[in-house]
């Protein structure tokens with residue numbers, strides 16, 4: 001590709017509707033990530049390791065239960081409804097109705113299964129049952145989060161990214177305000193901090209209600225075959241998402257039980273600051289999943305691959321230039337006691353940049369109905385993470401978790417590219 005052709009290609013990408021949607025949502029998510037950064041600074045600077053050692057494992061439990069409760073329906077709903085939304089609106093609304101009913105059933109199942117297991121979950125996580133009531137509270141709040149995900153999915157399908165941005169931003173602003181207030185007033189207790197963290201799922205549910213057109217949804221009957229198709233597609237996505245949820249939260253859970261609060265806080269120091277990059281990845285998924293789901297030919301998928309690879313590579317190389325600044329940024333933001341988190345942050349930043357490159361490309365495999373491939377990949381990464389952490393955490397502490405994260409991202413990167421090559425997307429040529 002000549003320099004002139006590359007310039008023309010990049011210019012076309014930058015003015016495209018998809019790029020504008022990505023830019024809008026990414027701007028909102030960067031703003032959200034800025035709020036998250038301020039929250040991380042406040043919590044890590046002013047909240048004791050003993051409280052953080054309870055809060056973050058509880059949040060990890062919530063994220064895992066959320067994936068069980070979602071059971072892959074969000075992504076399968078977006079995939080199937082987006083396919084029909086522009087060509088057969090009635091069919092799409094039938095999927096809306098089916099997805100909402102499935103969400104309600106799943107939410108009820110989570111409450112019936114998980115609430116009686118609260119004591120056991122507390123014992124598995126903290127080696128005691130003192131926090132059983134907190135686990136129960138987390139389960140109830142997570143059920144609201146499962147329901148609110150239906151609204152965010154409908155906003156994605158309809159392309160209402162401005163509304164979606166506000167639905168994401170407002171709860172985090174309220175969370176920041178509440179936590180800043182209790183820190184300023186000196187009322188830093190475990191319960192108060194937990195309430196601050198739970199504001200996001202509760203408010204997300206309440207804010208999402210006005211944007212859910214229940215009357216219109218229930219005016220379209222959900223056909224039996226639509227239920228079956230959603231469940232059929234969801235099962236592989238669910239297994240993949242659950243394995244991925246365990247993979248993402250295993251570091252915190254294993255560090256809690258094996259490394260102690262000091263190593264957990266060291267890991268959090270790097271992890272919270274590097275957390276902006278998974279948010280950027282989710283911005284890409286939010287905008288691109290409906291787009292990819294509507295593509296029908298390998299030519300379209302190859303063009304999508306080429307333009308996303310170009311943009312994400314340039315973006316990640318640009319961000320990588322700031323990596324040497326971490327040795328000044330982290331002590332300045334978090335304080336000198338987090339100097340030991342610098343290497344953890346650097347490793348996690350590289351891993352998450354790889355994640356930004358992988359995420360949009362992996363959506364092609366969803367389009368090609370390769371969900372079982374993701375199950376295999378995520379389960380393999382989970383096993384490697386558990387074994388690696390089990391061996392390395394007693395020796396290297398927080399660094400062990402960071403090493404395992406970057407190793408798994410490299411494996412995922414190579415795996416996705418191999419699958420794209422195998423499916424003929426990577427080097428596809430238009431027939432003359």
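The values are calculated or read from the model by the stated rules, or taken from the named source; none is laboratory data. Model, not experiment: these values are computed from the prediction. So basically every Cβ, Gly included, is an ideal-geometry build from the backbone, and we count neighbours across all protein chains shown.
Before moving on, here are some points about what is shown:
- If you go through the stretch 280-325 and pick out every residue that is at pLDDT 60 or above, within 20 Å of the chain's Cα centre (by Cα) and buried (at least 20 other Cβ atoms within 10 Å of the Cβ), you end up with 4.
- Being assigned to a helix (DSSP H, G or I), touching a helix residue (DSSP H, G or I) at 6+ places or on another chain (Cβ under 7 Å), touching a residue at least 24 places away in the same chain (Cβ under 8 Å) and surrounded by fewer than 19 Cβ atoms within 10 Å (Cβ to Cβ) holds for only one residue in 170, 164, 179, 230, and it is 170.
- Failed item, numbered, when residue 266 is tested on (1) closer than 30 Å to residue 55 by Cα; (2) at pLDDT below 75: (2)
- One residue stands out in the stretch 196-215 among those that are part of a helix (DSSP H, G or I) and out of contact with any helix residue (DSSP H, G or I) (no Cβ under 7 Å at 6 or more places or on another chain): the one that is surrounded by the fewest Cβ atoms within 10 Å (Cβ to Cβ), namely 215.
- Options 149, 119; residue that is in a helix (DSSP H, G or I) and buried (at least 18 other Cβ atoms within 10 Å of the Cβ): 149
- Test for residue 253: is it over 18 Å from residue 59 (Cα atoms), touching a residue at least 60 places away in the same chain (Cβ under 8 Å), surrounded by fewer than 22 Cβ atoms within 10 Å (Cβ to Cβ) and under 18 Å from the mean Cα position of the chain (by Cα): no
- The stretch 197-208, residues that are without any contact (Cβ under 8 Å) to a residue 40 or more places away in the chain and farther than 16 Å from residue 32 by Cα: 206
- Qualifying position, being touching a residue at least 12 places away in the same chain (Cβ under 8 Å), part of a helix (DSSP H, G or I) and under 30 Å from residue 270 (Cβ atoms), among 78, 102, 61: 61
- So residue 137, is it modelled with pLDDT of 90 or more, in contact with a helix residue (DSSP H, G or I) (Cβ under 6 Å, 6 or more places away or on another chain) and assigned to a helix (DSSP H, G or I): no
Results for (1) out of contact with any helix residue (DSSP H, G or I) (no Cβ under 7 Å at 6 or more places or on another chain); (2) at pLDDT below 80; (3) part of a helix (DSSP H, G or I); (4) surrounded by fewer than 21 Cβ atoms within 10 Å (Cβ to Cβ), shown as yes or no for each residue.
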{"residue": "114", "(1), (2), (3), (4)": "no, no, yes, no"}
{"residue": "133", "(1), (2), (3), (4)": "yes, no, yes, yes"}
{"residue": "145", "(1), (2), (3), (4)": "no, no, yes, no"}
{"residue": "156", "(1), (2), (3), (4)": "no, yes, yes, no"}
